[in-house]
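*Asks:* Can you read through this structure? Questions will come right after.
The values are calculated or read from the model by the stated rules, or taken from the named source; none is laboratory data. All figures in this text were calculated on a predicted structure; none of them were measured in a lab. Positions of Cβ are generated from backbone atoms using ideal geometry, with glycine treated the same way; all protein chains shown enter the neighbour counts.
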Amino acid sequence: MRKFKIALWTVVILFLGLIIFQNLESLGALIALKLNLSIAGNYESPDLPAGIWVLAALLLGFFVAYFGNLAARFRAYRTIKGLRAKLEAMTPPDLKPPAAMPAPEEDEAPVS
């Protein structure tokens, strides 16, 4: 599975590199965004390459997705913390597991 992941990521990165390389001229074209505000007037951004605008839109999407999901992740964290505390309280002392052992590596066989 590990080799498959490496091969898959290699193919994805090469494909993205191919797309970028074949579109360097389009990504380098200068674009200015214009905003017409009827109350405050017009605004025009400085001329920037299209690749910068694409990268800015991608980063904006990541931030919106991250912060949009933040509240749900905190609620889930509190729920999991509470459930673990309940489980700890319900488990008798003689059934509690020993100190955590490190998980075996993917390539190693489990010790029997």
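*Asks:* May I ask you to list the residues in segment 1-46 that are touching a Lys or Arg at 6+ places or on another chain (Cβ under 8 Å) and within 18 Å of Ala57 (Cα to Cα)?
*Replies:* Glu44, Ser45
Residue-by-condition table, conditions (1) surrounded by 10 or more Cβ atoms within 10 Å (Cβ to Cβ); (2) at pLDDT below 90:
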site: Gly68; (1), (2): no, no
site: Thr79; (1), (2): yes, no
site: Gly82; (1), (2): yes, no
site: Thr91; (1), (2): yes, yes
site: Asp94; (1), (2): no, yes
site: Pro98; (1), (2): no, yes
site: Ala103; (1), (2): no, yes
site: Glu108; (1), (2): no, yes
site: Val111; (1), (2): no, yes
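*Asks:* Any residue in segment 1-29 that's of a type in the set (Gly, Ala, Ser): show its pairings with residues that are surrounded by 10 or more Cβ atoms within 10 Å (Cβ to Cβ) at Cβ separation under 7 Å, as long as the two are six or more apart or on different chains.
*Replies:* Short answer, once both residue conditions are applied: Ser26/Ala50; Gly28/Pro49; Gly28/Gly51; Ala29/Pro49; Ala29/Ala50.
*Asks:* Something else about it: State all residues of segment 22-50 that are part of a helix (DSSP H, G or I) and modelled with pLDDT under 90; if no residue qualifies, say none.
*Replies:* Selection gives Leu24, Glu25, Ser26, Leu27.
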